[in-house]
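What follows is one structure encoded as structure tokens, with my remarks underneath.
The values are calculated or read from the model by the stated rules, or taken from the named source; none is laboratory data. These numbers were taken from a predicted model, which means no experiment stands behind them. Heads up, the Cβs are rebuilt from the backbone with ideal geometry, glycines too, and the neighbour counts pull from every protein chain shown.
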Amino acid sequence: MPDELLHLPVIHRILARDKATPGALLPILHAIQHDIGFIPDAAVPEIAHALNLSLAEVRGVISFYHDFRTSPPARHTLRLC
């Protein structure tokens with residue numbers, strides 16, 4: 001199973017909780033990024049289906065706002081000499 005599919009339970013929980021909220025797309029995206037650390041590609045079709053939006057609409061919002069990441073944040077290592 002691809003790693004992104006491991007995030008589906010979190011995504012489904014957030015969608016179930018927030019999809020009825022007016023203007024739910026941004027709060028859902030923020031919640032997913034807060035819980036997972038980024039917006040996985042597997043989340044896009046799930047969000048689009050739950051909110052009756054096209055894939056392009058969801059991807060457009062994700063790419064428009066620079067706060068959203070579509071890949072895990074880089075790990076930083078600190079080396080002291």
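So, of the residues in the stretch 58-67 that are free of Cβ contacts under 8 Å to residues at least 12 places away in the same chain, in a helix (DSSP H, G or I) and not hydroxyl-bearing (Ser, Thr, Tyr), which turns out to be surrounded by the most Cβ atoms within 10 Å (Cβ to Cβ)? The selected residue is 60. Mind checking whether some residue in the stretch 71-80 is modelled with pLDDT of 95 or more, of a type outside the set (A, V, I, L, M) and either out of contact with any Lys or Arg (no Cβ under 6 Å at 6 or more places or on another chain) or loosely packed, with under 11 Cβ neighbours inside 10 Å (or both)? Checked against the condition, which is being modelled with pLDDT of 95 or more, of a type outside the set (A, V, I, L, M) and either out of contact with any Lys or Arg (no Cβ under 6 Å at 6 or more places or on another chain) or loosely packed, with under 11 Cβ neighbours inside 10 Å (or both), the stretch 71-80 yields no hits at all. When the stretch 34-53 is filtered for residues that are part of a helix (DSSP H, G or I), of a type outside the set (D, E, K, R) and exposed (fewer than 14 other Cβ atoms within 10 Å of the Cβ), the ones remaining, listed by number, are 34, 45, 49. Residues in the stretch 1-25 that are part of a helix (DSSP H, G or I) and either surrounded by 14 or more Cβ atoms within 10 Å (Cβ to Cβ) or touching a Leu at 6+ places or on another chain (Cβ under 7 Å) (or both): 4, 7, 8, 10, 11, 14, 15, 18, 25. Would you confirm, using the coordinates I've provided, whether residue 31 is free of Cβ contacts under 8 Å to residues at least 12 places away in the same chain, in a helix (DSSP H, G or I) and surrounded by 14 or more Cβ atoms within 10 Å (Cβ to Cβ)? When the stated conditions are applied, residue 31 does not pass them.
For every residue, the table says whether it meets (1) among the hydrophobic types (A, V, I, L, M, F, W, C); (2) in contact with a Pro (Cβ under 8 Å, 6 or more places away or on another chain); (3) farther than 17 Å from residue 7 by Cα.
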| site | (1), (2), (3) |
| --- | --- |
| 35 | no, no, no |
| 42 | yes, yes, no |
| 47 | yes, no, no |
| 50 | yes, no, no |
| 56 | yes, no, yes |
| 61 | yes, no, yes |
| 66 | no, no, yes |
| 69 | no, no, no |
| 72 | no, no, no |
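Considered as a group, the residues in the stretch 68-80 that are touching a residue at least 12 places away in the same chain (Cβ under 8 Å) and out of contact with any helix residue (DSSP H, G or I) (no Cβ under 7 Å at 6 or more places or on another chain) include one that is nearest to residue 44 (Cα to Cα), and that residue is 71.
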